[in-house]
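**Student:** I'd like to ask some things about the structure below.
The values are calculated or read from the model by the stated rules, or taken from the named source; none is laboratory data. Small disclaimer: the values here were computed from a predicted structure and weren't measured. Cβ coordinates were reconstructed from backbone atoms using ideal geometry, including for glycine residues, and neighbour counts include every protein chain displayed. For the accessible areas, the whole protein counts, side chains as well, though only heavy atoms, and no ligand, DNA or RNA atoms are used. Shrake-Rupley method; radii C 1.70, N 1.55, O 1.52, S 1.80 Å.
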Amino acid sequence: MSGLAATRPAAGTEAEEEEPGWRQLDRRSLLVTVQMTGGVVTAVGVPITLSFQGWVAMGPVIAWAVAISLFVIGSGVGIDALRLRHSRYRVGPERAELRSGILFVKHRSLSRERIRSVDLVAHPLLRLLGLVEVRIGTGEQSGGQEATLELRPVRRAEGERLRRELLSRAAAGGASDVEGMIASLDPRWIRYAPLSFVTSALAAAAGGAVMQVSEWFGVQEDVIEWVGDVFRGMSVTGMVFALIAIGLAVGSVGALGLWVEMWWNYRLEREPGGTLRVRRGLFTTRSVSLEEARLRGVDVVEPLGLRLSGAARVDAVATGLSRRDEEDQAGPSTLLPAAPRRLADGVAAQVLREPVTPTAAELAPHPRVARARRIRWAVSAALAPALVLLLLGALLGVRVLTYLGVGTAVVLVPVAVALACDAYRSLGHALAGDYLVVRSGTLRRSTVALRRGGVIGWTVKQSVLQRRAGLVTLSATTAAGAQAYAAYDVGEAEGLEFAERAVPGLLAPFLESPKP
C-alpha cells in the first residue's frame, strides 16, 4: 500500500517530540489566520453594521460589532494554534508521514517510492511571510480520495527542499536530452484571454452580481429604472445588444485580469531525473511537478475562439493527476496556456521527446454519413425552441411568439448546420509512430496523442442508427487523463482495423469468428 491512515484520540505531542525526525509546521500560520479572519469579518461586518444606521444608536451597534469580530478572530487563531500544536511531519528514507488532529490524531503515511507529485502553492499572505503550502501526492485513489499529505504551511526553502528530495530520481537510461527551459511566458499571449468562454461567464456573473447586490440593499427597481433612462429612445433590440456588448466588455477585462493572475511568470521546465515542472501565478504562485514516467500523451485543446485565432493550449495526459482543482483553463494538467498553434505543437513535441509532435499528423477522415448524423442532430436542436414558440403562439393567439419562433429558426438553423459541418471536419484518427491520435469537437476541439503502450483496452459502441449506417465509436481506455479517448463515428471495418493495428492482439480475440 502506498498510503496508510490511522486515527486515535489525541494525547498530546510529547511522545512525538521525543521521536527523531519529526518537524513542526511554521507557526507564522497564526498571522495568516489573523489577517484572513479579520478580512472576512470586516467584509461581512461593515455592511451589516451600516445597515442599522438611522434605525438605532450606532454606538452600541459598533461596540457589539467590535466584540463579535474580536471573538471570531480569537476563535480562529485558537483553533489554528491547536492545529499547529498537534501537527508534525517527517520524511524518512522509506516513508513521508504526517500526524494531525485536535480531538483525534490522524497518522498518514506515504511510501516514497509511490510519491509522484510535490506541488507548492502560496497565496499573497503566505508569500509575504515567505511560506508555502506543500501537497505531496501519489496520484492513487483510496476510498474515493487521493492519497496525499498537505503541509500547511512551511518555509519556502523547506518546501523546495522537500520537493527536490521527494522527487529525486536517477535519470532513466542515462537520457541524453538536455534539461532546461521548454517554454516561458510571452506577454503577447494575453490577447487570447478574451477569446475563451470565461469572458461570457464573467459577463453573466457581473450582471447577476449587480442585480443581487441591488436587491440586498433594496434598490433593484432603481437600478432597472436607471438602465431604462440611459437607453431611453432606443429600441428593445438595440438595448439588448448594447447591454450584451457592455457585459462582454466587462467580461473581457475580467478575463484579462484572471489570465494575468494565473499565468504571470509562467515557466515550463524539464528538471534532472525526468520531471516536468510548471511554475506560474502573480498573487498566488503555483508550482506543479509531473514525473515523465506518468506521462501517456498530450492533448492539444482548441476552443472555438482560440481556433479561429490560430491558437491552442497543451494539456498533459498523465496518470495520477488530481481532479479536485481541475479548471477549464488552468488545471494541474495544463502545460502551456493559450499560445500560437505552431508553438503549441513544438512544446508538445518537446514534452514527448519527439522530433515532430504526433498531434500534427495527417488524420484519416470519417465517412460522410457521420456528417449527415451531425446535421440532423444540430437541426433538431435548433428547431426545438422555435417549434415551442410557434406552438405557444398558435395556442395563445399571440403573434409576437409566432414571429419570434420564425426568427429563432431563421437564425439558429444556419448556425447549427455550420457547426455540424465543422464538427464533422474535426473528426479524424491516425497512427503516428508510438502514438494513436484521435480528434473531435467543434466548440472545444481536442487532438489527443496517446502512447499506444498506455492503452489497456478498447470499448466499441454501436447504436441502432450507427449499425444501420455502418459506423462505430471506438474508445481507447487508459489509466491516464480522462480514462478514455474516443474516435467517433468511424467506419465499422476501418475502425476495428485501426484498433487492431494500434495495439496488436488486444482486440483480435473478440473479432475472430467462432469455430463451427
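**Student:** Do we have Glu158 as open to solvent by less than 40 Å² (accessible area, probe 1.4 Å), in contact with an Asp or Glu (Cβ under 9 Å, 6 or more places away or on another chain) and modelled with pLDDT of 85 or more here?
**Tutor:** Criteria met by Glu158.
**Student:** OK, next. Mind checking whether some residue in the range 501-515 is closer than 24 Å to Val317 by Cα and of a type in the set (Phe, Trp, Tyr)?
**Tutor:** Among the residues of the range 501-515, not one is closer than 24 Å to Val317 by Cα and of a type in the set (Phe, Trp, Tyr), which makes the answer no.
**Student:** A follow-up question, please. Name the single residue, out of those in the range 230-279 being open to solvent by 20 Å² or more (accessible area, probe 1.4 Å) and among the aromatic types (Phe, Trp, Tyr), that is nearest to Ala338 (Cα to Cα).
**Tutor:** Here the residue is Trp264.
**Student:** How many residues are more than 19 Å from Val301 (Cβ to Cβ) and under 28 Å from the mean Cα position of the chain (by Cα) when one looks only at the range 432-453?
**Tutor:** 3
**Student:** Next question, about the same structure. If you take the residues in the range 340-359 that are without any contact (Cβ under 8 Å) to a residue 40 or more places away in the chain and part of a loop (DSSP other than H, G, I, E, B), which one is least open to solvent (accessible area, probe 1.4 Å)?
**Tutor:** Val356
**Student:** May I ask you to verify whether Ile182 is surrounded by 12 or more Cβ atoms within 10 Å (Cβ to Cβ), outside any helix (DSSP H, G or I) and either at pLDDT 80 or above or of a type in the set (A, V, I, L, M, F, W, C) (or both)?
**Tutor:** Against the criterion (surrounded by 12 or more Cβ atoms within 10 Å (Cβ to Cβ), outside any helix (DSSP H, G or I) and either at pLDDT 80 or above or of a type in the set (A, V, I, L, M, F, W, C) (or both)), Ile182 qualifies.
**Student:** Further, regarding this structure: Please enumerate the residues belonging to the range 470-480 that are part of a strand (DSSP E or B), under 18 Å from Leu427 (Cα atoms) and either in contact (Cβ under 8 Å) with a residue 60 or more places away in the chain or open to solvent by 70 Å² or more (accessible area, probe 1.4 Å) (or both).
**Tutor:** Leu471
**Student:** I've got another one for you. Is it the case that Thr7 is open to solvent by 60 Å² or more (accessible area, probe 1.4 Å) and modelled with pLDDT under 85?
**Tutor:** It is true that Thr7 is open to solvent by 60 Å² or more (accessible area, probe 1.4 Å) and modelled with pLDDT under 85.
**Student:** Applying the selection to the range 374-403, what residues are among the aliphatic types (A, V, I, L, M), without any contact (Cβ under 8 Å) to a residue 24 or more places away in the chain and either surrounded by 14 or more Cβ atoms within 10 Å (Cβ to Cβ) or assigned to a helix (DSSP H, G or I) (or both)?
**Tutor:** Selection gives Ala384, Leu387, Val388, Leu389, Leu390, Leu391, Leu392, Ala394, Leu395, Leu396, Val400, Leu401.
**Student:** The conditions are (1) closer than 30 Å to Glu160 by Cβ; (2) in contact with a helix residue (DSSP H, G or I) (Cβ under 6 Å, 6 or more places away or on another chain); (3) at pLDDT below 95, and Val298 fails exactly one of them. Which is it?
**Tutor:** Condition not satisfied by Val298: (3).
**Student:** Does the range 255-266 hold any residues that are touching a residue at least 24 places away in the same chain (Cβ under 8 Å) and under 18 Å from the mean Cα position of the chain (by Cα), and which are they?
**Tutor:** Ala255, Leu256, Leu258, Trp259, Val260, Met262, Trp263, Trp264, Tyr266
**Student:** For Leu128, state whether it is assigned to a strand (DSSP E or B), modelled with pLDDT of 90 or more and among the hydrophobic types (A, V, I, L, M, F, W, C).
**Tutor:** Considered against the rule, which asks whether it is assigned to a strand (DSSP E or B), modelled with pLDDT of 90 or more and among the hydrophobic types (A, V, I, L, M, F, W, C), Leu128 comes out as no.
**Student:** When the residues of the range 100-123 are filtered to those that are in a loop (DSSP other than H, G, I, E, B) and open to solvent by 30 Å² or more (accessible area, probe 1.4 Å), which remaining residue is nearest to Arg280 (Cα to Cα)?
**Tutor:** His123
**Student:** Could you tell me whether any residue of the range 408-427 is outside any helix (DSSP H, G or I) and at positive phi?
**Tutor:** no
**Student:** With respect to Gly59, is the statement that it is modelled with pLDDT under 90, among the small types (Gly, Ala, Ser) and surrounded by fewer than 16 Cβ atoms within 10 Å (Cβ to Cβ) true?
**Tutor:** Taking the combined requirement at face value, the residue satisfies it.
**Student:** Can you confirm whether the range 264-284 contains a residue that is small (Gly, Ala, Ser) and modelled with pLDDT of 85 or more?
**Tutor:** yes
**Student:** Same structure again: So Ser289 clears everything in (1) at pLDDT below 85; (2) of a type in the set (S, T, N, Q); (3) closer than 30 Å to Gly453 by Cβ except one condition, right? Which one?
**Tutor:** Failed condition: (1).
Let's see how each residue does on (1) open to solvent by 10 Å² or more (accessible area, probe 1.4 Å); (2) in contact with a Ser or Thr (Cβ under 6 Å, 6 or more places away or on another chain); (3) on the phi < 0 side of the Ramachandran plot; (4) not in a strand (DSSP E or B):
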site: Leu431; (1), (2), (3), (4): yes, no, yes, no
site: Ser446; (1), (2), (3), (4): yes, no, yes, no
site: Gly453; (1), (2), (3), (4): yes, no, yes, yes
site: Trp458; (1), (2), (3), (4): yes, no, yes, no
site: Arg468; (1), (2), (3), (4): yes, no, yes, yes
site: Ala482; (1), (2), (3), (4): yes, no, yes, yes
site: Ala486; (1), (2), (3), (4): yes, yes, yes, no
site: Leu496; (1), (2), (3), (4): yes, no, yes, yes
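**Student:** Continuing with this model, one more query. All but one of (1) of a type outside the set (Ser, Thr, Tyr); (2) surrounded by fewer than 13 Cβ atoms within 10 Å (Cβ to Cβ); (3) touching a residue at least 24 places away in the same chain (Cβ under 8 Å); (4) not in a loop (DSSP other than H, G, I, E, B) hold for Glu362; which doesn't?
**Tutor:** Unmet for Glu362, out of (1) of a type outside the set (Ser, Thr, Tyr); (2) surrounded by fewer than 13 Cβ atoms within 10 Å (Cβ to Cβ); (3) touching a residue at least 24 places away in the same chain (Cβ under 8 Å); (4) not in a loop (DSSP other than H, G, I, E, B): (4).
**Student:** If only one of Ser100, Ser109 is of a type in the set (S, T, N, Q), under 30 Å from the mean Cα position of the chain (by Cα) and within 19 Å of Glu158 (Cβ to Cβ), which one is it?
**Tutor:** One residue alone meets the criteria, Ser100.
**Student:** Within the set of pairs 6 or more residues apart or between chains, which connect a residue that is closer than 19 Å to Thr49 by Cβ and in a helix (DSSP H, G or I) inside the range 214-226 to a residue that is modelled with pLDDT of 80 or more and hydrophobic (A, V, I, L, M, F, W, C) with Cβ atoms less than 7 Å apart?
**Tutor:** Once the first residue is closer than 19 Å to Thr49 by Cβ and in a helix (DSSP H, G or I) and sits in the range 214-226, no partner that is modelled with pLDDT of 80 or more and hydrophobic (A, V, I, L, M, F, W, C) comes close enough.
**Student:** Checking Pro303 against (1) under 14 Å from Ser117 (Cα atoms); (2) buried (at least 22 other Cβ atoms within 10 Å of the Cβ); (3) within 15 Å of the chain's Cα centre (by Cα); (4) not β-branched (Val, Ile, Thr), which test does it fail?
**Tutor:** Here Pro303 clears every test but (1).
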